[in-house]
Amino acid sequence: MNDLGSIPRSHHSSDGTPQPTFRLVADAAGISEAARLLSAGAVVAFPTETVYGLGADASDPAAVARIFTAKARPRFNPLIAHLPDPEAALREGVFDTAARQLAAAFWPGPLTLVVPVRRTGTVCDLARAGLDSVALRVPGNALARELLARVGRPVAAPSANRSGRVSPTSAAHVLADLDGRIAAVLDGGSAPVGVESTVVACLGGVPRLLRPGGTTRADLVRVLGIDLPGPADDAAHAPVGPGLLASHYAPRAQVRLGATEVREGEAVLLFGGALTGDDAALASLDLSQAGDLGEAAANLFAFLRHLDATGAAIIAVAPIPESGLGEAINDRLRRAAAPR
Ligand code: TXA
Ligand code: MG
């Protein structure tokens with residue numbers, strides 16, 4: 001059988017019938033079953049502190065291929081390998097001084113480090129998209145780390161949504177996109193951070209911010225003592241990845257950013273209180289009435305899904321400051337608003 005022929009088209013039994021997706025409770029039995037399925041090469045969604053991940057054994061190319069099939073992701077983009085602790089991550093990549101400082105300061109937590117791959121590393125070529133670097137992350141929630149420790153191998157996991165859709169922050173979101181396409185989802189409740197991890201490349205020279213996320217730029221600068229160039233400052237050199245494509249995290253509705261008033265028939269996503277005309281909106285949700293960016297990040301994807309489900313043609317979004325987690329929130333909103 002050739003390479004492509006061995007990639008299953010979806011989550012099917014041997015006679016070709018689609019299988020239901022098991023919803024596993026996050027108790028000892030559920031974690032064991034999730035670990036067993038992952039070790040057997042199946043695709044299992046699991047909670048992290050940022051968003052739900054679509055996991056597969058990162059050392060097994062056939063298992064990793066099933067992630068791309070389930071997401072209907074058109075291209076093989078590099079994936080993040082998740083590890084239970086920093087020691088396991090150090091075995092997969094070569095960490096320079098900056099990478100060590102960042103790992104010590106922020107792991108476990110919402111930071112991904114892209115580092116040169118170790119010759120003895122176990123993350124397969126397909127998970128790395130053939131690059132000689134590897135993206136590594138030790139997630140902040142204990143449930144994910146317990147699962148990863150049980151599996152005992154790096155687990156590749158992009159966000160557990162269909163390609164190009166809004167990222168999931170609950171098991172219900174995962175099932176809305178992927179029911180019948182994956183073996184199971186481990187239900188650990190709502191993801192508290194709500195936006196994906198910050199991706200920083202430490203590949204020699206000054207570390208570069210590849211994707212803003214749950215660890216703020218200000219936090220990185222405090223630890224490194226220098227500012228980081230990012231894709232925005234250095235567009236010509238930005239590597240292309242799923243989180244870096246213009247149209248991504250896209251609801252069905254059109255998204256209108258920086259709205260200072262609400263127009264007829266629009267749904268509205270508020271931040272820190274009312275906008276002119278929002279009483280006439282089709283639906284209205286406030287990311288954080290108190291204007292708290294952490295609360296806003298945690299609510300972002302669930303509220304976008306909710307407003308999208310109202311069937312409004314346009315979701316108007318109030319201005320959100322660029323400071324702190326605002327950089328990641330605005331990055332996701334700009335992608336949601338990008339032309340498709
Ligand atoms: O919070 C998160 O990071 C979530 C949870 C599930 O952990 N995962 C996630 O994965 O967002 P994904 O696949 O959606 O995003 C991976 C990001 C992409 O922007 C990709 O381009 C980048 O990491 N990336 C991965 N490997 C890379 C590499 N070797 N070089 C440059 N960028 C890389
Ligand atoms: Mg994603």
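The values are calculated or read from the model by the stated rules, or taken from the named source; none is laboratory data. None of these values were measured; they are calculated from a predicted model. In this analysis, Cβ positions are derived from the backbone assuming ideal geometry, glycine residues included, and neighbour counts consider all displayed protein chains.
Restricting attention to segment 66-85, the residues that are over 16 Å from the mean Cα position of the chain (by Cα), buried (at least 16 other Cβ atoms within 10 Å of the Cβ) and modelled with pLDDT of 95 or more total 2.
Of the residues Arg128, Arg145, the single one that is part of a loop (DSSP other than H, G, I, E, B) and either more than 11 Å from ligand 1 (Cβ to nearest atom) or basic (Lys, Arg) (or both) is Arg128. One residue stands out among those in segment 41-52 that are within 16 Å of Gly30 (Cα to Cα) and of a type outside the set (Ser, Thr, Tyr): the one that is farthest from ligand 1 (Cβ to nearest atom), which is Ala42.
Taking the criterion of being in a loop (DSSP other than H, G, I, E, B), of a type in the set (A, V, I, L, M) and buried (at least 17 other Cβ atoms within 10 Å of the Cβ), the residues of segment 284-314 that qualify are Leu287, Ala312. Can you pull out every residue in segment 156-171 that is within 10 Å of ligand 1 (Cβ to nearest atom) and in a loop (DSSP other than H, G, I, E, B)? The answer is Ala157, Pro158, Ala160, Asn161, Ser163, Ser167, Pro168. Of Leu54, Leu90, all but one fail to be modelled with pLDDT of 95 or more and touching a strand residue (DSSP E or B) at 6+ places or on another chain (Cβ under 7 Å); the exception is Leu54. State whether one or more residues within segment 191-204 are part of a helix (DSSP H, G or I), away from ligand 2 (no atom under 16 Å from the Cβ) and within 28 Å of Asp27 (Cβ to Cβ). No - not one qualifying residue is present in segment 191-204.
The single residue among Ala316, Ala232, Ala253 that is modelled with pLDDT of 95 or more and either in contact with a Lys or Arg (Cβ under 8 Å, 6 or more places away or on another chain) or not polar (S, T, N, Q) (or both) turns out to be Ala316. Within segment 247-265, the set of residues being away from ligand 1 (no atom under 16 Å from the Cβ) and either closer than 25 Å to Asn161 by Cα or not assigned by TED's automatic domain parsing to the domain that holds Asp308 (or both) comprises Pro251, Arg252, Ala253, Gln254, Val255, Arg256, Leu257.
Of the set (1) under 17 Å from Gly189 (Cα atoms); (2) free of Cβ contacts under 8 Å to residues at least 60 places away in the same chain, all apply to Arg36 but (1).
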